[in-house]
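The values are calculated or read from the model by the stated rules, or taken from the named source; none is laboratory data. A quick note: this is a predicted structure, and the numbers were derived from the prediction, not measured. Cβ placement follows ideal geometry from the backbone for every residue including glycine, while neighbour counts extend to all protein chains displayed.
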Protein chains: 4
Amino acid sequence: MKTASNRSKAIRMQSSKERVPANSATFLQVAESLAEIGRGFYARGWVLGTSGNFSAVISQEPLRLAITSTGLDKGALTPGQFLEIDEAANVMRGDGRPSAEAVLHLAIVRGVSAGAVLHTHSVSSTVLSGMHARHSGIALEGYEMLKGLTGVATHKHREWLPILENSQDMVELADRVSSRLEQTPGVHGFLLQEHGLYTWGESLADAKRHVEILEFLMEVLVRSGAIQNA
Amino acid sequence: MKTASNRSKAIRMQSSKERVPANSATFLQVAESLAEIGRGFYARGWVLGTSGNFSAVISQEPLRLAITSTGLDKGALTPGQFLEIDEAANVMRGDGRPSAEAVLHLAIVRGVSAGAVLHTHSVSSTVLSGMHARHSGIALEGYEMLKGLTGVATHKHREWLPILENSQDMVELADRVSSRLEQTPGVHGFLLQEHGLYTWGESLADAKRHVEILEFLMEVLVRSGAIQNA
Amino acid sequence: MKTASNRSKAIRMQSSKERVPANSATFLQVAESLAEIGRGFYARGWVLGTSGNFSAVISQEPLRLAITSTGLDKGALTPGQFLEIDEAANVMRGDGRPSAEAVLHLAIVRGVSAGAVLHTHSVSSTVLSGMHARHSGIALEGYEMLKGLTGVATHKHREWLPILENSQDMVELADRVSSRLEQTPGVHGFLLQEHGLYTWGESLADAKRHVEILEFLMEVLVRSGAIQNA
Amino acid sequence: MKTASNRSKAIRMQSSKERVPANSATFLQVAESLAEIGRGFYARGWVLGTSGNFSAVISQEPLRLAITSTGLDKGALTPGQFLEIDEAANVMRGDGRPSAEAVLHLAIVRGVSAGAVLHTHSVSSTVLSGMHARHSGIALEGYEMLKGLTGVATHKHREWLPILENSQDMVELADRVSSRLEQTPGVHGFLLQEHGLYTWGESLADAKRHVEILEFLMEVLVRSGAIQNA
C-alpha cells in the first residue's frame, strides 16, 4: 500500500517523460464549462475576492488537469484563464501560475479518482468550519438533499464532512488530505477550517451538484442554530 | 368512497388503452413555461443540486402531464428535458426517466384537481419542516401575503401547512399524500420533512404564485424566531 | 381644514367632469420606468407572489396616476400592464382592474403631495411590523443611510416609521392612512402590520430611493436583533 | 513630517497652477470599470439608495481622480456620471457635484498612496460598526480569506478594521481619517460607524478584491454571533 507520504513524494517528483499537452478541443471545452460554473458560484457569493479554484481531469494517461490560474476574479472568469497542469503541477499550457492549492486538487484526484475538483469559500462553510473545528467534522443526516450525493440512496444516510486544520504549507496539507481520504472512505467533500469546501465528482456535473448540495446543507445547519449548539 | 389505498392502486395499474401523446404545441409551450419558472427558482436557491421537480397537466382526458425528467440541473433547464407522462407515470414523449416523485405529482393532480404541481427544496422549508415535524404542520396566520393563495380573501385566514414524514417508498408516500389531502381539504401545499415544499394551482401561474407565497412565509417564520420556539 | 373623513369622501365621490386620459407619451414612459423598478424589486424578493403595487402621478390637473393593475407577477411586469386612474380610482386607460389598494395610493398622493408611491412586501418589513406592532412604529436613528431620505441632512436624524393595523376595508384604511399622515408630518413611509411598506417621493427616483433605504434599514434592524428586543 | 492637520489644509488650499484634465481615454476606461464594479455592488445590496462612492487615480502629477458624482442610483451607473477632480476636489471634467465624501477619497489616496478607493454601505458593515463602535475597531483573524488582502501571506494574520465615529463635517472627518491611517499603518480599510466601509488598493482590481474580502468577513462575523458578543 502506498502511504500518504509516499504519494505526496510522487507528486513532488516530476515525471519528465510526458510533456505533451492534452487534446486542445477537450481542454477548451472543459475550461469553458469550468469558467461558467465559476461565474455562477461568484454570483452566489461562494468565491468572492479571488477565492476558490476549480479543476477537471482532461487526460488520465498521462494525467492532465485544466485548472484555474491563481488570483483570478471569478466573476469575470474566462476559458483563457485556465492552465493545463501535469501530475506534478507543472504548467503544460496557458499563461500564469497555478494556485498553490493545485497540489490539493492533485491529491484529491489521486485519492478518490475524481474527474473534477471544486473548491468554494462561502460564508456558511467559513462559519461552520470554525465553530465545529474541535469535532473534526460535521454530521449531515436525515436530509433528502443528501440523495443528490453520488451513491446515496436515502435521506437516512449519515454524511460525515471532515474538517481539517488549515495550513499554508500545501505539500504538508496535501499529505493530510490524502491520509484523511484514506481514513474516511466514501466522503464526498471536506472543509478546511475557516477556509472553505473541497468537493469532487466523477464528472464535472457531479462535482457542481456536490458543491450545491453541501453548500445548501451547511446553510441549513447555520440557520438551524448549529452555531449556538457547536 | 375511494380509499387512499385504492387510489394508489389505480395509479399503479397501467391503463393501456390510451397511448397517444397530447398536442405537441401545448406540450412545448407548457414545457417552456415550466423551464423558465424552474430557472427562476434555481436563481433563488430553491432547487439546488438537481432537487425539485415541476409538472403541469396538458390533457385531462386522457390525463397527461408535462414533467421534469429526473436528475436535472435546474439552472440550465430546457423544454427538451421535459417528459410527457400518462396517469400511471408511463413516459409518452421525451427522453429520460421521470423522477420517482412523479407519482406524488399524479396523486396531487387527482386529489385536488390541480392543473400544475411545483416542488421546491429551499433552506427555509428544510429548516422549518425539521424543527416543526412533531407538530405535523405549521400554522400561517395574520399575514397579508396569505391573500395571494387562491380562495383566500383576508389576512386573518389561518393556513395550515401539513408536514409529512419523508420516505423513499414513493407509492407509500403517494398514499399518505392522498390521505392527507382528503383529511385537510383546502390546504394549498404541504411539506415533506427535511425535504421541501409541494404546492399546486389550477393554472401554472397559480402554482408559481403559491410557491413564492409559501416560501416567503416560511422565510418570515424562520427569521421571526420560529426555530427557537419550535 | 379638511378632515380625513371628508378627504376620503372626496375620493369616493366621482368627479365626472374630467374624462380625458393624460398624455400618452408620458403615460408610457412612466409605465416603462415603473415596470423596470418593479422587476428589480421582484429580483430582490420584495414583491413576490403578485404582492406590491406601484404608481406615479402623470397629471396633476386633473389628477391622473399610472398604477399597476391587480394580481400581476412583478417579475414579468410590462408597461402594458399599467392602468391610468383618476382621483376616484376610475380606470381611464388600460385593461384590468386597479388593485384595491389604489385608494391608498390616492390617499398618499393627496396627503403628502407625492409624485410617486411604491408599496413593497419584504420579509424584513413583515417580520418587523409584526413584532413591533404594539409600539405603533419603529424608530430609525443614527444611520448614515437616513441621509438619503428627502430633506434629511444628518445621520443623527430620528425617523419614525409608523405601523398601522392591516385591514381589508380599503376605504377605512385609506382614512386611517390620511389621518396618520396628518398626525405625523415629515414621515417618509409607513408599514402596514404583517403586510409591508408604503413609501413615496416627489419623483419616482425619490420613491425608489426611499424603498431601498427603508428596506435596508429594516434589514439592519432585523439582523441587529430588533426582534429579540421587540 | 506633515501632520494630519497640515495635510488636510493642503487639501483645502486649491492649487490653481494645474487646470488641465487628464488623458481622456484613461478617464473613460477607468470610469467604465468603476461603473461596472458599482453596478455589481448594487446587485449585492452593498450600495442601495444612492449610497456608496467610487474613485480611482487617473493621474499622479498632477493628482487627478475619476469619482462618482453625488446622489447616483448605483444600479444604473454609467461612465458619463463620473467626474474628474483635482487634489482639492475641484471638478476638472464632467457634470454634477462630487460627493461631499470626495475629501475622504483624497485623504486616503494621500495617506496610503492608494490607486483606487471604494466605499460600500452594506447591512453587515452597518450592523457591525454600530455594535462594535465602543471597541474602536474589529479584529479579523484566522480566516483564509485574509490572504486576499495585499501583502498578507497567511490566514494567521490579524487584521484590524478601525471604526471611526461618523460625522457630517467632511473636513474634520478627513483629518481624523488621515490621523488614523498614520496611527494604524498597514490596515486595508476602515468603517465609519453605522455608515459603511472604506477600502482601497494600489489598483482598482485590488480595491474591488478588498471590498469583497472585507464584506465577506463582516458577514461571517455577523452570522457567527459577533453581535451577541459585542
**OP:** For A:THR184, state whether it is among the polar types (S, T, N, Q) and within 11 Å of chain B (Cβ to nearest Cβ).
**Re:** no
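Output the residues belonging to segment D:217-230 that are free of Cβ contacts under 8 Å to residues at least 40 places away in the same chain and facing another protein chain (nearest Cβ under 7 Å). Give the steps one after another, and end with the answer.
Pass one, segment D:217-230, residues free of Cβ contacts under 8 Å to residues at least 40 places away in the same chain: D:223-225, D:228-229.
D:ARG223, D:SER224, D:GLY225 - these are the residues of segment D:217-230 that are free of Cβ contacts under 8 Å to residues at least 40 places away in the same chain and facing another protein chain (nearest Cβ under 7 Å).
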Original post:
Checking D:ALA22 against (1) under 16 Å from the mean Cα position of the chain (by Cα); (2) assigned to a loop (DSSP other than H, G, I, E, B); (3) more than 14 Å from chain C (Cβ to nearest Cβ), which single condition isn't satisfied?
Top reply: (1)
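Give the residues of segment C:144-156 that are touching a residue at least 60 places away in the same chain (Cβ under 8 Å) and either surrounded by 18 or more Cβ atoms within 10 Å (Cβ to Cβ) or of a type in the set (Asp, Glu) (or both), sorted by residue number. Show your work before the answer.
Here is the first cut: in segment C:144-156, the ones touching a residue at least 60 places away in the same chain (Cβ under 8 Å) are C:145-146, C:148-150.
The answer is C:MET145, C:LEU146, C:GLY148, C:LEU149.
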**OP:** Please identify the pairs in which a residue from segment C:82-98 that is on the phi > 0 side of the Ramachandran plot has its Cβ atom under 8 Å from the Cβ atom of a residue that is of a type in the set (A, V, I, L, M, F, W, C) and crowded, with 18+ Cβ neighbours inside 10 Å, counting only partners at least 6 apart or on another chain.
**Re:** C:ALA89/C:ILE11; C:ALA89/C:ALA102; C:ALA89/C:VAL103; C:ALA89/C:LEU106; C:GLY94/C:PHE82; C:GLY94/C:LEU83; C:GLY96/C:LEU83
Subject >> The lone exception for A:HIS135 - which of (1) over 18 Å from the mean Cα position of the chain (by Cα); (2) modelled with pLDDT of 95 or more; (3) surrounded by fewer than 19 Cβ atoms within 10 Å (Cβ to Cβ) it fails >> reply: (2)
Subject >> Identity of the residue in segment C:180-230, assigned to a strand (DSSP E or B) and among the aliphatic types (A, V, I, L, M), that ends up farthest from C:LEU164 (Cα to Cα) >> reply: C:LEU197
**OP:** Would you check if C:SER179 is of a type in the set (Gly, Ala, Ser), crowded, with 23+ Cβ neighbours inside 10 Å and under 16 Å from the mean Cα position of the chain (by Cα)?
**Re:** no
Subject >> Condition broken by A:GLU165, with the remaining ones in (1) touching a residue at least 12 places away in the same chain (Cβ under 8 Å); (2) over 21 Å from A:ALA43 (Cα atoms); (3) buried (at least 17 other Cβ atoms within 10 Å of the Cβ) satisfied >> reply: (3)
Original post:
Out of all the residues in segment A:107-157, which are within 14 Å of chain B (Cβ to nearest Cβ), charged (D, E, K, R) and closer than 18 Å to A:ASP206 by Cα?
Top reply: A:GLU144, A:LYS147
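Kindly indicate which of B:LEU214, B:LEU197 is within 14 Å of chain A (Cβ to nearest Cβ), within 22 Å of C:SER51 (Cβ to Cβ) and buried (at least 19 other Cβ atoms within 10 Å of the Cβ). Before the answer, list the steps.
Numbers: B:LEU214 fails: within 14 Å of chain A (Cβ to nearest Cβ).
Exactly one of B:LEU214, B:LEU197 is within 14 Å of chain A (Cβ to nearest Cβ), within 22 Å of C:SER51 (Cβ to Cβ) and buried (at least 19 other Cβ atoms within 10 Å of the Cβ), namely B:LEU197.
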**OP:** Look at segment B:38-94 and say how many of its residues are assigned to a helix (DSSP H, G or I), surrounded by fewer than 19 Cβ atoms within 10 Å (Cβ to Cβ) and away from chain A (no Cβ under 14 Å).
**Re:** 2
Original post:
Considering only segment C:145-166, how many residues are outside any loop (DSSP other than H, G, I, E, B) and small (Gly, Ala, Ser)?
Top reply: 1
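If only one of C:GLU202, C:GLU159, C:GLU172, C:GLU141 is surrounded by 18 or more Cβ atoms within 10 Å (Cβ to Cβ) and farther than 22 Å from C:ASP73 by Cα, which one is it?
Numbers: C:GLU202 fails: surrounded by 18 or more Cβ atoms within 10 Å (Cβ to Cβ); C:GLU172 fails: surrounded by 18 or more Cβ atoms within 10 Å (Cβ to Cβ); C:GLU141 fails: surrounded by 18 or more Cβ atoms within 10 Å (Cβ to Cβ).
The match here is C:GLU159.
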**OP:** State whether one or more residues within segment B:95-104 are modelled with pLDDT of 95 or more, within 14 Å of chain A (Cβ to nearest Cβ), in a strand (DSSP E or B) and within 25 Å of B:MET218 (Cα to Cα).
**Re:** no
Original post:
Applying the selection to segment D:58-70, what residues are without any contact (Cβ under 8 Å) to a residue 24 or more places away in the chain and more than 23 Å from D:SER179 (Cα to Cα)?
Top reply: D:GLU61
**OP:** For segment D:167-179, enumerate the residues that are of a type outside the set (A, V, I, L, M, F, W, C) and part of a helix (DSSP H, G or I).
**Re:** D:GLU172, D:ASP175, D:ARG176, D:SER178, D:SER179
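For segment C:106-132, how many residues meet the condition of being closer than 18 Å to C:TRP46 by Cα and within 17 Å of the chain's Cα centre (by Cα)?
Counting residues in segment C:106-132 that are closer than 18 Å to C:TRP46 by Cα and within 17 Å of the chain's Cα centre (by Cα) gives 12.
Can you find a residue that is β-branched (Val, Ile, Thr) and in contact with a Gly (Cβ under 6 Å, 6 or more places away or on another chain) anywhere in segment B:186-194? Steps first, answer last, please.
Within segment B:186-194, the first condition is being β-branched (Val, Ile, Thr), and the residues that meet it are B:187.
Narrowing the set further to residues that are in contact with a Gly (Cβ under 6 Å, 6 or more places away or on another chain) leaves none.
Scanning segment B:186-194 turns up no residue that is β-branched (Val, Ile, Thr) and in contact with a Gly (Cβ under 6 Å, 6 or more places away or on another chain).
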